[in-house]
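To start, the structure itself, in structure tokens.
The values are calculated or read from the model by the stated rules, or taken from the named source; none is laboratory data. Because the structure is predicted, anything quoted here is derived from the model rather than measured. Using ideal geometry, Cβ is built from the backbone for each residue, glycine included, and neighbour counts are taken over all protein chains shown. Ligands, DNA and RNA are excluded from the accessible area calculation, which covers all protein heavy atoms including side chains. Shrake-Rupley method; radii C 1.70, N 1.55, O 1.52, S 1.80 Å.
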Amino acid sequence: MNQQDLIGPNAEICQVLTCLPEKMVVDFANNIMVAKDHIREQQKPSGLFKRLLGGISGKGQRRQTEVNASLTESVDASLQWLTELTDSVAQSTHTLSLVQRRVSSLTENTAAIANYSADTRDMLGHLETRLSGKLSSLEQKVDLIDLKQAAQLNLERVINRWEAGRFNCFSLAGRSYVALEELYWGEFGDLCRQLPVDEHQPFLDDLKNRVQIQLAKDAKLDQSQRLPLMDWQSWPEQSAADAREAIMWLADRATPERSPMTVAICQQPEKLPGTVPLRCSAKRIADALVPEVFGGYRYE
């Protein structure tokens, strides 16, 4: 991989989608597997994931070689990387809680293997302690009233960025999806995960309204006016390859059964999921995407 292919924190796609580094940390944690031979078996990381991981480190080609090695060989190297990433990159409560859950699972796995390295167990214990401390610090700073205010500010900022054209490198429907992802990984998502359904549903209903209003404005349509789905899916000519790869990576956990509209918009399969209509309005897209993105099953 060439240095120019790496995606650093100041890259345009990271400025547009601030949630990319957060998802990268979670994916890195979820890719760490332990086995009796101390070698991890994992899903092949996406190209965008490796470019982000190498670029955000900012340490050049030698660092990239270490990245590649940690992706394929050493559990200890991966844990060292994860410690660095949680210290320097992970900012959201959701990211930290997902990583903490993964580390706890790894700790249980290593405990079941009698001859597993004591050093590895020590690293896991150290990482668990650091994560607990960082989460406790965040939770102490934000009570529920503050979180509601932060969530509202998060919503306003994301919608303002959309209105200002920051998401114009995506398809019309793609703009609504990436806006929802930005909120999912931010304080708005934290609020929805913390409150019970009957209390967070009004926030999601407001979000649906905001999304369908802005989506209709972008398409220059009434909110209930339908267009062929292919028009909503159509990418602007000037869109960069990074934008296409980023939206597919953000939606990599979507399935036709649980997230049919997300699959249709982000993965654009040759055969659409059966529940996705061939003609959609902005309201129909918003009504489908919001519960799909904020569904509780994404990181079961």
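Among the residues of segment 133-163, the ones that are more than 15 Å from D190 (Cβ to Cβ), of a type outside the set (V, I, T) and under 21 Å from the mean Cα position of the chain (by Cα) come to 4 in all.
Within segment 282-293, the set of residues being open to solvent by 10 Å² or more (accessible area, probe 1.4 Å) and either assigned to a strand (DSSP E or B) or more than 17 Å from L221 (Cα to Cα) (or both) comprises A288, P291, E292. One residue alone among T275, T262 is polar (S, T, N, Q) and at pLDDT 95 or above, and that residue is T262. When residues in segment 232-241 are screened for being part of a helix (DSSP H, G or I) and closer than 21 Å to A11 by Cα, 1 of them pass. So in segment 225-235, with the set limited to residues that are open to solvent by less than 70 Å² (accessible area, probe 1.4 Å) and aliphatic (A, V, I, L, M), which one is nearest to E22 (Cα to Cα)? Restricting to residues being open to solvent by less than 70 Å² (accessible area, probe 1.4 Å) and aliphatic (A, V, I, L, M), the top hit is L229.
For segment 247-258, filtered to residues that are over 20 Å from R279 (Cβ atoms) and in a loop (DSSP other than H, G, I, E, B), the residue that is least open to solvent (accessible area, probe 1.4 Å) is A251. Quick check, is V263 outside any helix (DSSP H, G or I), aliphatic (A, V, I, L, M) and surrounded by fewer than 21 Cβ atoms within 10 Å (Cβ to Cβ)? In short, no.
Scanning segment 105-118 for residues that are part of a helix (DSSP H, G or I) and either modelled with pLDDT of 90 or more or open to solvent by less than 20 Å² (accessible area, probe 1.4 Å) (or both) yields L106, T110. Checking each residue in segment 186-224 for being aromatic (F, W, Y) and buried (at least 24 other Cβ atoms within 10 Å of the Cβ) picks out only F188.
No other residue among R244, R298, R210 is charged (D, E, K, R), under 24 Å from L52 (Cα atoms) and either modelled with pLDDT of 95 or more or not in a loop (DSSP other than H, G, I, E, B) (or both) apart from R244. Quick check on segment 281-300: of everything there that is free of Cβ contacts under 8 Å to residues at least 60 places away in the same chain and touching a helix residue (DSSP H, G or I) at 6+ places or on another chain (Cβ under 6 Å), which residue is nearest to N30 (Cα to Cα)? Per the stated criteria, the residue is E292.
The residues of segment 119-135 that are open to solvent by 90 Å² or more (accessible area, probe 1.4 Å) and touching a residue at least 24 places away in the same chain (Cβ under 8 Å), listed by number, are D119, H126, R130. Applying the set (1) touching a residue at least 40 places away in the same chain (Cβ under 8 Å); (2) assigned to a helix (DSSP H, G or I); (3) open to solvent by less than 50 Å² (accessible area, probe 1.4 Å) to F167 leaves exactly one unmet item: (2). Confirm whether E84 is open to solvent by 30 Å² or more (accessible area, probe 1.4 Å), in a helix (DSSP H, G or I) and either at pLDDT 80 or above or of a type outside the set (D, E) (or both). Spelling it out, E84 is indeed open to solvent by 30 Å² or more (accessible area, probe 1.4 Å), in a helix (DSSP H, G or I) and either at pLDDT 80 or above or of a type outside the set (D, E) (or both).
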